[in-house]
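Each remark here refers to the structure printed beneath this line.
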Amino acid sequence: MAAMGIVASLACGGLISLLSSLGLVGATIWVQLLLALILFKLYPETSTVRWSGRLLLLLCGAGVAMAGVWVTLFAWGNTRFVDVGEVDITALAVGAASAVIAAPIYEEKVVRHVLLMGAAGFVGPIQASVLVSVPFALVHAGSVIPAFFFSLALCWAALVLKLSSGQRAVAHGTYNLMNMLWYFTSGYGLFP
């Protein structure tokens, strides 16, 4: 199972590079969603928490809370905000769709299901959580430390709370949305 996660990660990078070189707009989104769909089919999840309206609200609230921790500990006073007037609307839409929808679904399925569960069978859940969180953090180059701890929290949600990849993707996508809004609203309008 862990080997498939590694193969999926390598395939994802290769396909994104190939399709981007061919000029496909949103290549990252399409590749991540396609590979996630394949992995959902190959590795169905069992013994997870049932969906409910209350759970959906809790997941969104968790994403907002984690973003609040990120703002407080890492972003406050350390952010170069984006000038919205200089942003290409297509790039913004593709970036938002990737960060809020495709990447959370893909990363939760690959990192915190396929890789985490596969590694946990070999080294145990705590070591596996650290093992998958390190490369996850390194891929998020601008925010390695918060990404590491965010990944550990999502590993805990997978292993202890038994949240499915889709459920964790809701919290993950909400977190990413709040982070994007921080950059595009000058800190939620708190900074001039």
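Taken together, the values in this text are just the output of simple stated rules run on the coordinates, not laboratory data. Because the structure is predicted, anything quoted here is derived from the model rather than measured. With ideal geometry, Cβ positions are generated from the backbone for all residues, glycine too; neighbour counts draw on all protein chains shown.
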- Message: On the Cα set of the range 76-152, report Rg and Dmax in Å, please.
- Response: 15.6, 50
- Task: With label points built 7 Å along Cα→Cβ from the Cα atoms of Leu19 and Arg80, find their separation and express it in nm.
- Result: 3.0
- Task: Output the relative contact order of the chain, whole-number percent, from Cα pairs under 8 angstrom with separation of 6+ residues.
- Result: 34
- What is the helix-to-structure angle for 144-159, meaning the angle in degrees between its Cα long axis and the longest Cα principal axis of the chain, kept from 0 to 90 and rounded to the nearest 10? 40
- Query: Picking from Gly166, Gly68, Gly85, which is most flexible by a Gaussian network model of the chain using Cα springs under 10 Å?
  - Reply: Gly85
- Task: Within 10 Å, count the other beta carbons around each residue, average over each peptide in 53-60, 131-138, 168-175, 77-84, and list them highest first.
- Result: 168-175, 131-138, 53-60, 77-84
- With springs only between Cα atoms under 10 Å apart, run a GNM on the chain and tell me which of Trp51, Trp30, Trp70 wobbles the most. Trp51
- Among Ser151, Ser17, which comes first, second and so on when ranked by fewest other beta-carbon atoms within 10 Å? Ser17, Ser151
- Label-to-label distance, nm, for residues given as Trp51 and Val69 (7 Å Cα→Cβ offset): 2.6
- Query: Where q = 0.18 Å⁻¹, what log10 of I(q)/I(0) comes from the Debye formula for the range 2-184, counting one point per Cα?
  - Reply: -1.30
- Query: Stokes-Einstein at 4 °C, 1.567 mPa s, Kirkwood radius from Cα pairs: D for the range 93-192 in µm² s⁻¹?
  - Reply: 93
- How large is the helix-only mean residue ellipticity at 222 nm for the chain, computed as the sum of -39500 (n - 2.57) over DSSP H runs with n ≥ 4, divided by its residue count, in deg cm²/dmol to the nearest 500? -22000 deg cm²/dmol
- Item | Candidates Val71, Val87, Val25, ranked by Gaussian network fluctuation over the chain, Cα under 10 Å, top entry | Val87
